[in-house]
Amino acid sequence: MTLDGAFFIFGWFYVIFGSALVLLPWLRGREDLFTSKNLFMAGTVNFVGVASISTGSSGFYIVQPEAGDFLRIVFGVGLLLVAFYTTYHFWQYPRRLADRVALLMPDTSGSAVLVLSVLGACIAVLGRTQLLAIPLLGHLLAGFSVPISTICFGVVFWKWWNAKHNGFFLLLAILMGLIMMVIAMTAGTSRRPLLGLFTTMLIVMYWSNLRYRSPLRALGGLVLPVAAASVIISGYSVIRHQILNPHERNPIEVFTDRLFSMTSAIREGEATGSIIEGESTISCTLACIDQYSRNGSPNWFHTFRFVFSNPVPRVWWPEGVLGEKPVALGEVLPRDLGEWETGYINWGVGIVGHAYYDGGVWVVIIYGVILGFFFRYYDDKMSHQPENGFILGTLGAMSSNIITFSRGDIATFAVDILACMVAGWLLMRVSRFIWGTVVLEPVDEEADPYDIEQESLPVAGVPQT
């Protein structure tokens, strides 16, 4: 069998296998659908499965692979999943840690929702201004503007979704959603802010009421929103590179141009591709194996050093003492290969490619344990208080980074996920201080997830007895 054929077959196998890992437990009533674990696995279906199919179909390789490279990737993916699922399902400590989280949330009265919507909109706009050029302030805005604004939008949308008769909440949700869409479509070429915006709405819809419906009825409630989001993001994917340096132009002008181009692409049927395409991910992973394992040396634990060094602005980094501040692998690889010289670039090299750069394929075990621990903790925390809009909004803010994590750059996405966690915690603490605290009722872990009359909920990922 040729290498192309091996990747093609493996890709289809992983698409079916990964989809089954997400859907079957939910269809059987064993797990929730919109969890951080399932968002991550949905991403691997695209960036491992679909990317392998694409590589096998096109035969495109940045670096010509050698015998055994296919098995190196398959082994790395398998090792990652074993470590990830073992930690997620069998390590009890993250569950106990989630059990200790107090069932408290801020009082979300009308004034609170109004202030949060204004705050989120202002932070989103500030993150698009020249303030980014100021060393410390720009560093904070770059890291926290999208998380804070997305969480605020999630809370506002959650408040309206649970009180659809309230026109005031609806107006706030629409206005804030439009502002965030303008920001997402004018700040650069990344699709993650737009993906996070739509995924936040789906998360709120699911955890607020679709969770209590049978799978068939829940899917019925999700079909139209998912289809609409897919068309919009696919349309944006087609035209996002048509305007160069969008941050140097008037945001409204850029948004108007992109909106017209996007609607034209959708109308003409051009927006039919993957909404989060990553066709080159496998090819980039193979290049990492060649560059940093076979013909070179790894940059030991680069991902972890990148995350820990990120809070320090680059202009303040003590380069003379600690050496050069770590740079994302997505920027390093194309330059090391001689494919790029000047300007910004960020390839998605795949999670297995990152492991080879960090020290070898065995590093995926560390990735799997960390991800399994974090997702288990957050999914349990969320299932204990699904009526907490701040927790749902935080997952929404993290969602685009979780979905695209297996594509990379995982160091950058890890920093973004941590920023979302910090932003969610700060917003809850400040909101509780200003508007007071609501004590939530504990969740009955024995509840039937499809009983609409039930007020209690199952714990995500835990089989029901």
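The values are calculated or read from the model by the stated rules, or taken from the named source; none is laboratory data. Not measured: the values here are computed from a predicted model. Note: ideal-geometry Cβ built from the backbone for every residue, glycine included; neighbour counts use all protein chains shown. Quick note on the areas: whole protein, heavy atoms, side chains included, nothing else; ligands and nucleic acids left out. Shrake-Rupley method; radii C 1.70, N 1.55, O 1.52, S 1.80 Å.
Does the range 69-85 contain at least one residue that is assigned to a loop (DSSP other than H, G, I, E, B) and among the basic types (K, R)?
no
Among residues belonging to the range 289-336 that are in a loop (DSSP other than H, G, I, E, B) and more than 26 Å from A419 (Cβ to Cβ), point out the one that is most open to solvent (accessible area, probe 1.4 Å).
N295
Name the residue that is nearest to R376 (Cα to Cα), counting only residues in the range 6-51 that are open to solvent by less than 20 Å² (accessible area, probe 1.4 Å) and aromatic (F, W, Y).
Looking at the filtered set, the residue picked out is F40.
Would you tally the residues in the range 289-323 being at positive phi and modelled with pLDDT under 85?
1
For the range 18-40, state whether one or more residues are among the β-branched types (V, I, T) and under 24 Å from T394 (Cβ atoms).
The initial filter retains those residues of the range 18-40 that are among the β-branched types (V, I, T), namely 22, 35.
This time we only want the ones that are under 24 Å from T394 (Cβ atoms), so: 22, 35.
Checking the range 18-40: at least one residue is among the β-branched types (V, I, T) and under 24 Å from T394 (Cβ atoms).
Which count do you get for residues in the range 418-464 that are crowded, with 20+ Cβ neighbours inside 10 Å and either at pLDDT 85 or above or not small (G, A, S) (or both)?
If we filter the range 418-464 for residues that are crowded, with 20+ Cβ neighbours inside 10 Å, which is where we start, we get 419-420, 423-424, 427-428, 431, 449, 457-461.
Then keep just the ones that are either at pLDDT 85 or above or not small (G, A, S) (or both); that gives 419-420, 423-424, 427-428, 431, 449, 457-459.
Selection size over the range 418-464: 11.
If the Cβ limit is 6 Å and pairs must be 6+ apart or interchain, which residue in the range 1-16 that is in contact (Cβ under 8 Å) with a residue 40 or more places away in the chain pairs with which residue that is among the β-branched types (V, I, T) and in a helix (DSSP H, G or I)?
What qualifies is F7/T55; F8/I53; G11/I53; Y14/V48.
Name the pairs: first residue in the range 179-202 and open to solvent by less than 10 Å² (accessible area, probe 1.4 Å), second residue of a type in the set (D, E), Cβ to Cβ under 9 Å, at least 6 apart or on different chains?
Listed by first residue and then by second, the contacts come to T186/E253.
Report every pair of residues separated by at least 6 positions or lying on different chains whose Cβ atoms are under 7 Å apart, first residue within the range 306-335 and touching a residue at least 40 places away in the same chain (Cβ under 8 Å) and under 26 Å from V352 (Cα atoms), second part of a helix (DSSP H, G or I) and open to solvent by 30 Å² or more (accessible area, probe 1.4 Å).
Note: pairs meeting the criteria are P326/R305; A328/T412; L333/Q291.
When you check R95 against the structure, is it charged (D, E, K, R) and either open to solvent by 50 Å² or more (accessible area, probe 1.4 Å) or at pLDDT below 85 (or both), yes or no?
no
Condition test on L131, is it in a helix (DSSP H, G or I) and at pLDDT below 80?
Spelling it out, L131 is indeed in a helix (DSSP H, G or I) and at pLDDT below 80.
Exactly one of (1) within 30 Å of L103 (Cβ to Cβ); (2) open to solvent by 30 Å² or more (accessible area, probe 1.4 Å); (3) aliphatic (A, V, I, L, M) is unmet by M382. Its number?
The failed condition is (2).
What single numbered condition from (1) more than 29 Å from T2 (Cβ to Cβ); (2) in contact (Cβ under 8 Å) with a residue 24 or more places away in the chain; (3) open to solvent by 30 Å² or more (accessible area, probe 1.4 Å) fails to hold for S58?
With respect to (1) more than 29 Å from T2 (Cβ to Cβ); (2) in contact (Cβ under 8 Å) with a residue 24 or more places away in the chain; (3) open to solvent by 30 Å² or more (accessible area, probe 1.4 Å), S58 is out only on (1).
What residue, of I370, I351, is surrounded by fewer than 24 Cβ atoms within 10 Å (Cβ to Cβ) and farther than 30 Å from D107 by Cβ?
Values: I351 fails: surrounded by fewer than 24 Cβ atoms within 10 Å (Cβ to Cβ).
Just one listed residue meets the conditions, I370.
Take G59 and tell me if it is under 30 Å from Y206 (Cβ atoms) and not aromatic (F, W, Y).
no
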